[in-house]
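> Handing you a structure now.
The values are calculated or read from the model by the stated rules, or taken from the named source; none is laboratory data. Keep in mind the model is a prediction, meaning the values are calculated, not measured. As a convention, Cβ positions derive from the backbone with ideal geometry for all residues, glycine included, and neighbour counts pool all protein chains shown.
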Amino acid sequence: MLAAVVLLFGGLVGLSASWNAARPLIDPTRRYSPSWLPAMVVTELAPFWMLVHVAVLVAGVLLGGWTNWGGRVGVAMLAASILLLVWIMVRTAMAVRRLRRLVAGPAHRTTGIARLVGRPVPTPPGVSETLGIEWVPGLTLDLTRPADGRSELPVVVYVHGGGWTGGDPQRQARDMYHALALDGWATLAIRYPLAPDVSVEQQIEAVGDAVAWARTGGAEHGIEPSMVVLAGGSAGAHLATMAALTAPDADRRVSGVIGLYGIYDMANRHGQRAHWDMIRRDVMGVAVVEAPERYDEVSPLVRISGDTPPMLIVHGTRDTLVPRRGAAVRRRVARGEASGRLRRRAGGTACVRRGDRSRVTGDRRRDPDLAGSAASRERHVTALESVASTCWTAAGHAPFTEGGAARSGGTGRCHPEIARPVPTATL
């Protein structure tokens, strides 16, 4: 009897989890479903999940569970779950196969146990890393730069994601830092104070302080910035764009800002994503109706003006946490209210589609189909589109021209698919 219960329970849990990972994507504007997290876990660990299924199936049958009707139902559910897991693995393999043909540059990845210990992406030749530099008391950053000893370099200050309350730069974008270094850029991947211990305004101020540190503190580590650019992903995109839009002085102003799948309207005034109570509870500490002006003050959508620095906004058409139609800041960029370029990317967290070619990045939290297997997230949008064509040729607004304007800092590789005119578009 116990064996039959184990089979039945295992079948219910296994089939539910596998179907959640294999089913079509939901519309995240209808409700905020917690199902994306277990879907990500099952997709990432599908082979291990299948081994668990087989172990439960074999143990249950050997212990006599098959003789009970409940055990037979459990066996059927476990078998169906295994078939779904096979489909998930085939689907992922097909996506990876397509992506690896289209990724620009090599993807430096290890395999096996090294992928489970926090630094799955090894440092490639030609790249130098200095980890854990204290830039203010209690906060550190990681410096990634070309290994050729040059000191005068363009600098990207990268702000990691994590819902304003967590995250670490070494677990999100190491391959991007490497790609930037190989293109002649230095990256300062910062750690900043996290909510709810500090307010979001203090986080924005800290990002601005990191920009100022890049101009002054980098010299101690052999960096003399020729320009400074802000970039970030998810919550980091929000903080980076806000810091760029509210810079109070020359030390904190940047030559450009790049947002990857970010939040640009904290108030969610158009209902373009599901309601997230964690923003009220952990980040803002107050509801929108109680402090609408404060929500406006920390929403990039409201702060865009003609003085906005050059911007690159990248968002995925299949983002299951923040829908692309929720990134309303892109429409203001597209209308010319900010000096920027809009890149529409289809599938995954980010992809560029030209005719029948597409390049997709996989963010484990956003698109379980592509879970970290996506060829190093398409080199994080081809090293931030060669840092937005070197900030639209230092704000001269002639970016992405034929023949090499996408070359970073005048020293890196030029990717032919990017080095062509990119029209501004409205989604």
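> When you go through (1) closer than 30 Å to ARG294 by Cα; (2) part of a strand (DSSP E or B) one by one for VAL155, which number turns out not to apply?
VAL155 satisfies all of (1) closer than 30 Å to ARG294 by Cα; (2) part of a strand (DSSP E or B) except (1).
Each row is one residue, and each column tells you yes or no for (1) at pLDDT 95 or above; (2) more than 21 Å from the chain's Cα centre (by Cα).
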| site | (1), (2) |
| --- | --- |
| ALA206 | yes, no |
| ALA214 | yes, yes |
| GLY217 | no, yes |
| VAL229 | no, no |
| ILE263 | no, no |
| ARG273 | no, no |
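> Select from region 275-287 the residues that are surrounded by fewer than 20 Cβ atoms within 10 Å (Cβ to Cβ), closer than 16 Å to TRP164 by Cβ and at pLDDT 85 or above and list them in ascending order.
Listed by number, the residues that qualify are ASP277, MET278, ARG280, ARG281, ASP282, GLY285, VAL286.
> Out of curiosity, is GLY70 more than 30 Å from GLY163 (Cα to Cα), assigned to a helix (DSSP H, G or I) and either modelled with pLDDT under 90 or not hydrophobic (A, V, I, L, M, F, W, C) (or both)? First the steps, then the outcome.
Numbers: more than 30 Å from GLY163 (Cα to Cα): yes; assigned to a helix (DSSP H, G or I): yes; either modelled with pLDDT under 90 or not hydrophobic (A, V, I, L, M, F, W, C) (or both): yes.
Spelling it out, GLY70 is indeed more than 30 Å from GLY163 (Cα to Cα), assigned to a helix (DSSP H, G or I) and either modelled with pLDDT under 90 or not hydrophobic (A, V, I, L, M, F, W, C) (or both).
> Go through region 275-289 and report how many residues are more than 19 Å from the chain's Cα centre (by Cα) and outside any helix (DSSP H, G or I).
Looking only at that region, the number is 6.
> Within region 179-189, does at least one residue satisfy the condition of being of a type in the set (Val, Ile, Thr), touching a residue at least 60 places away in the same chain (Cβ under 8 Å) and part of a strand (DSSP E or B)?
no
> Considering region 209-219 alone, what residues qualify as being touching a helix residue (DSSP H, G or I) at 6+ places or on another chain (Cβ under 7 Å) and either touching a residue at least 60 places away in the same chain (Cβ under 8 Å) or surrounded by fewer than 24 Cβ atoms within 10 Å (Cβ to Cβ) (or both)?
Once the filter is applied, which keeps residues that are touching a helix residue (DSSP H, G or I) at 6+ places or on another chain (Cβ under 7 Å) and either touching a residue at least 60 places away in the same chain (Cβ under 8 Å) or surrounded by fewer than 24 Cβ atoms within 10 Å (Cβ to Cβ) (or both), region 209-219 yields ALA212, ARG215.
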